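Each remark here refers to the structure printed beneath this line.
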Amino acid sequence: MAGIKFFRLTAATILETLVAMVILLTLFGIATTVFIQVTGSTYAVNKMATRYTLNRYIVQTAELKTYFNEEFEEAGIRINKQVEVYDKGDNMVKIIFTVYDNVQHKKIDEQVRLFSIK
């Protein structure tokens with residue numbers, strides 16, 4: 001065995017391994033937190049844009065006095081406007097605005113408003 005040379009490899013100690021694991025776990029925790037916040041902020045922005053669109057249709061209904069059932073589609077959402085006679089007031093209508101997501105086909109928001117039809 002004259003041609004084989006043995007040399008010693010340096011290995012990491014347990015303390016060095018633990019420190020490396022703590023650093024990796026800390027970085028993984030920070031990355032997970034950032035991912036959750038980014039995902040949540042996207043939902044909040046979409047919810048705010050949906051509310052803005054819905055409020056625009058509510059104001060348009062009040063200004064144009066369009067008190068009849070309608071359905072609107074815009075930017076991936078569908079707004080259903082349902083008009084009912086309000087029982088407790090003369091010359092009043094109750095309008096239920098319901099917002100649906102066209103992609104996931106679920107209800108996002110609902111608002112009920114009273115309008116005078118004078």
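Kindly indicate whether any position in segment 100-117 is of a type in the set (S, T, Y), exposed (fewer than 14 other Cβ atoms within 10 Å of the Cβ) and not in a helix (DSSP H, G or I).
yes
Just one of I30, I95, I36 is surrounded by 15 or more Cβ atoms within 10 Å (Cβ to Cβ) and either of a type outside the set (F, W, Y) or modelled with pLDDT of 90 or more (or both); which is it?
After applying the criteria, what remains is I95.
May I ask you to list the residues in segment 30-80 that are farther than 17 Å from K106 by Cβ, assigned to a helix (DSSP H, G or I) and among the basic types (K, R)?
Within segment 30-80, just R56 meets the criteria.
Given the structure, is Y43 touching a residue at least 40 places away in the same chain (Cβ under 8 Å) and either aromatic (F, W, Y) or touching a Cys at 6+ places or on another chain (Cβ under 8 Å) (or both)?
The answer is no for Y43.
The values are calculated or read from the model by the stated rules, or taken from the named source; none is laboratory data. The structure displayed is predicted, hence computed values, not measured ones. Note that we place each Cβ from the backbone using ideal geometry, even for glycine, and neighbour counts take in every protein chain shown.
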